[in-house]
Each structure stands twice: as C-alpha cells, then as structure tokens.
1. Can you tell me which residue within the range 112-135, out of those that are β-branched (Val, Ile, Thr) and in a strand (DSSP E or B), is farthest from Ile73 (Cα to Cα)?
2. Which of the residues that make up the range 47-78 are over 12 Å from Ile136 (Cα atoms) and part of a strand (DSSP E or B)?
3. Looking at this structure, is Tyr161 within 16 Å of the chain's Cα centre (by Cα) and either closer than 15 Å to Asn57 by Cβ or aromatic (Phe, Trp, Tyr) (or both)?
4. Identify, from the list Ile149, Ile136, the residue that is modelled with pLDDT of 95 or more and within 16 Å of the chain's Cα centre (by Cα).
5. Looking only at the range 138-179, how many residues end up being touching a helix residue (DSSP H, G or I) at 6+ places or on another chain (Cβ under 9 Å) and outside any loop (DSSP other than H, G, I, E, B)?
6. Please state which one of Val121, Val102 is surrounded by 11 or more Cβ atoms within 10 Å (Cβ to Cβ) and at pLDDT 95 or above.
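The values are calculated or read from the model by the stated rules, or taken from the named source; none is laboratory data. Small disclaimer: the values here were computed from a predicted structure and weren't measured. Every residue, glycine as well, gets a Cβ built from its backbone with ideal geometry; the counts of neighbours run over all protein chains shown.
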Amino acid sequence: MLTPKKIYFNKNKAFTLIELIVVIALISIMLAFAIPRLDNSFFSNNKRKLSSWILLNVKSLKEKAVREQTKNILTVDIDNNQMWVSSETVSGESPESGGEPVAAPEKNEYKLPDGFRLMDVEFLNDEKITSGTAEIHFYAQGYSDKALIHIEDRDEHRFSYLIESFLLHVKIEDQYVEF
C-alpha cells in the first residue's frame, strides 16, 4: 500500500534583512558611478553630432576634390546657423557666370543643433568673417584653405575646429583659438 509523502517546508530559505540591505547598497554604489556618465553622454550628443558632421565632410571634400579634380566648397552661413557643401567643376564654366566656375549646391544643408551658434570663421590671412557666409575651398591639387570655425553652445562654452591645409583631419579645440 502506498503511503502519502509528507512535504516539509524549510522556514530558513528566505533572505535576511541584512542580505537585502547589502545588495541594495551595492546597487546604489554602482548607480552613483554610472549616472554621471549617462548624464554626460546625453548632453554631449549634439556636440558629438556636430563634430562628426564637420570631420566627415572636411575629409570627404578633400578626397573628392583630388579624386574628381573639382574644387569643393564648405559654405558656413553664420547668420542662419547652417553649413553645406557644394562643388565647382574646374574646367566647366557657364556662359551666364561671365566665364567663372559655377557652384552646384548639393542640397545637404546641415542646421546646427539647438543650443549651438556659429560665431565666426577665421582664415589664415587674418580675415575673420562674423556675419553672412564664409566659403572654405578644397582644391583639386589636394590642399584647402586653412580656417578656424568657432562655435558657442548655450552655456557659452566656445570651441574651435581647425581645418588644416594639407591634412585630412580636423583639430578640435575646447576653447576659442585664433591664428
């Protein structure tokens, strides 16, 4: 004959209050170190996006100028807080333009994120453009105009993007620098 099995419950299989407090304390300590990093990455996302756009387009314009033997232009519109790239054919000239090469806009305007403002564009020959548009040229021979693009964020932190004449990369300074 089968006898029913007795089921015993062990009353000592729960967590103690001290164990729970230790686990909560460890989680709190880990969050205390993680939250400043999360906060920093959320707020600097727009600056990262802006920097990426400038870095990638400058490199692309220099490479494209040499590869396609065209003169490329990075136009910085200070008043409207935007930038775009265009290219000129070095050999193709338009009769309407009086024999000068014609810029062909590529409809890739980049509007600066909210909280950022274009301050000015400075060229190596001491020319500083503080309003209107500034054109940074990228030539078919592999060099470009040496220029500084100055930008300010809503907290009045200023930073500068240095476009070198013969280098593909752009140097980013976390301050307002001049030639």
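1. Residues of the range 112-135 that are β-branched (Val, Ile, Thr), as a first pass: 121, 129-130, 133.
Next cut, in a strand (DSSP E or B) only: 121, 129, 133.
Values: Val121: 14, Ile129: 16, Thr133: 12 Å.
Looking at the filtered set, the residue picked out is Ile129.
2. Across the range 47-78, the qualifying residue is only Thr70.
3. Numbers: within 16 Å of the chain's Cα centre (by Cα): yes; either closer than 15 Å to Asn57 by Cβ or aromatic (Phe, Trp, Tyr) (or both): yes.
Yes: the conditions hold for Tyr161.
4. Answer to the selection: Ile149.
5. Going through the range 138-179 one residue at a time, the tally reaches 10.
6. The match here is Val121.
To keep it simple, each residue is scored yes or no on (1) surrounded by fewer than 18 Cβ atoms within 10 Å (Cβ to Cβ); (2) closer than 23 Å to Glu68 by Cα.
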residue: Ile136; (1), (2): no, yes
residue: Glu152; (1), (2): yes, no
residue: His157; (1), (2): yes, no
residue: Leu167; (1), (2): yes, yes
